[in-house]
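Peer 1: One structure, as structure tokens, below. Some questions next.
The values are calculated or read from the model by the stated rules, or taken from the named source; none is laboratory data. A quick note: this is a predicted structure, and the numbers were derived from the prediction, not measured. Positions of Cβ are backbone-derived with ideal geometry, glycine not excepted, and every protein chain shown enters the neighbour counts. In case anyone asks, the SASA skips ligands and DNA or RNA and just uses the protein heavy atoms, side chains included. Shrake-Rupley method; radii C 1.70, N 1.55, O 1.52, S 1.80 Å.
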Amino acid sequence: MGRALRALIFDGQISLTVMDTTDIVRQAIEFHKLSPLSAAALGRTLTAGTFMSLNLKNDGDKFSVTVKGNGVGGSIVVCGNSALEMRGMIDNPRAVLPLKPNGKLDVAGCVGTSGRITVLRDIGLKEPYGGSCPLVSGELAEDFAAYYTYSEQQPTAMSLGVRIGVDYDCVGAGGVVLQTMPGCEDKTIAAAEELIGNFANISGMIENYGLDGIAERYFKGVAFTEYFPKYKCICGREYIERVLLSMGEKELRDAVKEQGKIEVQCHFCDKKYTFSPEDVDKILGEARE
Ligand SMILES: [Zn+2]
């Protein structure tokens, strides 16, 4: 399970979120058999998504974010809900690029430096609403900060990181997010910008100190509220049946006739669902009732 700590700091002028998403990224690696580079790109997006989930206000609220760039990893999709259940996928789970000169994974090369972040929120209104923002750097933290600052008019500073160990396992992942509250003074914004500079290596800090160590070091005495986000896919046979029905009866019948069966693989957890011609008859029959 992941863990997040939230509090208001600087006399209530800045909201602070510190996240440990190591277990969420581990689960994503296990489901999708991710290369270290794909794990870093999807893991950072899952961490930004965890922050989005934490901001959902009502039970049943949910969101999806798509990062569509021109990098070798292709598009990344992350979804989450108010229960802090996260899931995600990347077009190319096995993306590989040479390390950058500083020895770090080339996340910008995986995501791309040109493209868009698009967010859709479903909070029980008639239509989902959302926003979109061009990619700034492809390293993702700056991109999500820009999304909040420009698309949602919510000045934001963010640090995201994923560390992959020698055996391709995630050894530390997380993020720090600072957002201004209404009435935030200029000098507080400057102080917040300085503060975020401490967390350039957030994944290494999570690995070495953990969330509590970070809180102790930088936020001594702050009263945090604690949250427990996790990776959880919402798919199930019934869910997949609804997706199949949305194809339309003729298309569904043609597909099962052609292939003898229909195989659907969930994009978020790679689970396979198989439907025989009899299954298809049954689904269509039930849909008519
Ligand atoms: Zn699934």
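Peer 1: Taking the criterion of being assigned to a strand (DSSP E or B), more than 21 Å from residue 86 (Cβ to Cβ), at pLDDT 90 or above and within 16 Å of the ligand (Cβ to nearest atom), would at least one residue in region 174-187 satisfy it?
Peer 2: Looking through region 174-187, none of the residues is assigned to a strand (DSSP E or B), more than 21 Å from residue 86 (Cβ to Cβ), at pLDDT 90 or above and within 16 Å of the ligand (Cβ to nearest atom).
Peer 1: In addition: So residue 16 fits all but one of (1) surrounded by 24 or more Cβ atoms within 10 Å (Cβ to Cβ); (2) not in a loop (DSSP other than H, G, I, E, B); what number is the exception?
Peer 2: In the conditions (1) surrounded by 24 or more Cβ atoms within 10 Å (Cβ to Cβ); (2) not in a loop (DSSP other than H, G, I, E, B), residue 16 misses (1) alone.
Peer 1: Let me ask something else. Among the numbered criteria (1) in contact (Cβ under 8 Å) with a residue 40 or more places away in the chain; (2) part of a loop (DSSP other than H, G, I, E, B); (3) more than 16 Å from the ligand (Cβ to nearest atom), which one does residue 269 miss?
Peer 2: (3)
Peer 1: Looking at region 246-257, can you tell me whether even one residue there is within 16 Å of the ligand (Cβ to nearest atom) and outside the structural domain of residue 28 (by TED's automatic domain parsing)?
Peer 2: No, because not a single residue in region 246-257 is within 16 Å of the ligand (Cβ to nearest atom) and outside the structural domain of residue 28 (by TED's automatic domain parsing).
Peer 1: Could you check residue 92 against (1) open to solvent by 20 Å² or more (accessible area, probe 1.4 Å); (2) under 18 Å from the mean Cα position of the chain (by Cα); (3) within 28 Å of residue 4 (Cβ to Cβ) and say which number it fails?
Peer 2: Among (1) open to solvent by 20 Å² or more (accessible area, probe 1.4 Å); (2) under 18 Å from the mean Cα position of the chain (by Cα); (3) within 28 Å of residue 4 (Cβ to Cβ), the lone unmet condition for residue 92 is (3).
Peer 1: Being more than 13 Å from the chain's Cα centre (by Cα) and either closer than 25 Å to residue 121 by Cβ or touching a residue at least 12 places away in the same chain (Cβ under 8 Å) (or both) narrows it down to one residue among 77, 72; which is it?
Peer 2: So the residue among 77, 72 that is more than 13 Å from the chain's Cα centre (by Cα) and either closer than 25 Å to residue 121 by Cβ or touching a residue at least 12 places away in the same chain (Cβ under 8 Å) (or both) is 72.
Peer 1: Which is under 17 Å from residue 75 (Cβ atoms) and among the polar types (S, T, N, Q), of 114, 151, 159, 137?
Peer 2: 114
Peer 1: Within region 268-289, work out how many residues are closer than 30 Å to residue 230 by Cβ and surrounded by fewer than 17 Cβ atoms within 10 Å (Cβ to Cβ).
Peer 2: Total meeting the criteria: 4.
Peer 1: Looking at 6, 26 in this structure, which one is of a type in the set (D, E, K, R) and part of a strand (DSSP E or B)?
Peer 2: Step by step, each of 6, 26 is checked, and only 6 is of a type in the set (D, E, K, R) and part of a strand (DSSP E or B).
Peer 1: Since residue 132 meets every condition but one in (1) open to solvent by 40 Å² or more (accessible area, probe 1.4 Å); (2) in a helix (DSSP H, G or I); (3) more than 21 Å from residue 224 (Cβ to Cβ); (4) of a type in the set (Ser, Thr, Tyr), which condition does it not meet?
Peer 2: (2)
Peer 1: Of the residues in region 201-242, how many are within 14 Å of the ligand (Cβ to nearest atom), open to solvent by less than 70 Å² (accessible area, probe 1.4 Å) and among the aliphatic types (A, V, I, L, M)?
Peer 2: 1
Peer 1: Can you report the number of residues in region 206-239 which are in contact (Cβ under 8 Å) with a residue 40 or more places away in the chain and part of a helix (DSSP H, G or I)?
Peer 2: Residues that pass the stated criteria total 6.
Peer 1: Tell me whether region 39-56 contains one or more residues that are of a type outside the set (S, T, N, Q), assigned to a loop (DSSP other than H, G, I, E, B) and either in contact (Cβ under 8 Å) with a residue 40 or more places away in the chain or open to solvent by less than 20 Å² (accessible area, probe 1.4 Å) (or both).
Peer 2: Within region 39-56, one or more residues are of a type outside the set (S, T, N, Q), assigned to a loop (DSSP other than H, G, I, E, B) and either in contact (Cβ under 8 Å) with a residue 40 or more places away in the chain or open to solvent by less than 20 Å² (accessible area, probe 1.4 Å) (or both).
Peer 1: Which residue pairs have Cβ atoms under 6 Å apart, sit 6 or more places apart or on different chains, and have a first residue in region 142-171 that is closer than 14 Å to residue 204 by Cα and a second that is of a type in the set (Val, Ile, Thr) and open to solvent by less than 10 Å² (accessible area, probe 1.4 Å)?
Peer 2: Once the first residue is closer than 14 Å to residue 204 by Cα and sits in region 142-171, its partners that are of a type in the set (Val, Ile, Thr) and open to solvent by less than 10 Å² (accessible area, probe 1.4 Å) give 159/176; 159/202; 160/47; 161/202; 162/25; 170/25.
Peer 1: Can you tell me which of (1) at pLDDT below 95; (2) under 24 Å from residue 142 (Cα atoms); (3) not β-branched (Val, Ile, Thr) is the one residue 249 doesn't meet?
Peer 2: Among (1) at pLDDT below 95; (2) under 24 Å from residue 142 (Cα atoms); (3) not β-branched (Val, Ile, Thr), residue 249 violates only (2).
Peer 1: Inside region 243-266, can you point out the residues that are within 21 Å of the chain's Cα centre (by Cα) and surrounded by fewer than 17 Cβ atoms within 10 Å (Cβ to Cβ)?
Peer 2: Residue satisfying the conditions is 265 alone.
Rundown of residues vs (1) within 16 Å of the ligand (Cβ to nearest atom); (2) outside the structural domain of residue 112 (by TED's automatic domain parsing); (3) more than 15 Å from residue 107 (Cα to Cα), yes/no style:
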position	(1), (2), (3)
40	no, no, no
58	no, no, yes
71	no, no, no
76	no, no, no
82	no, no, yes
88	yes, no, yes
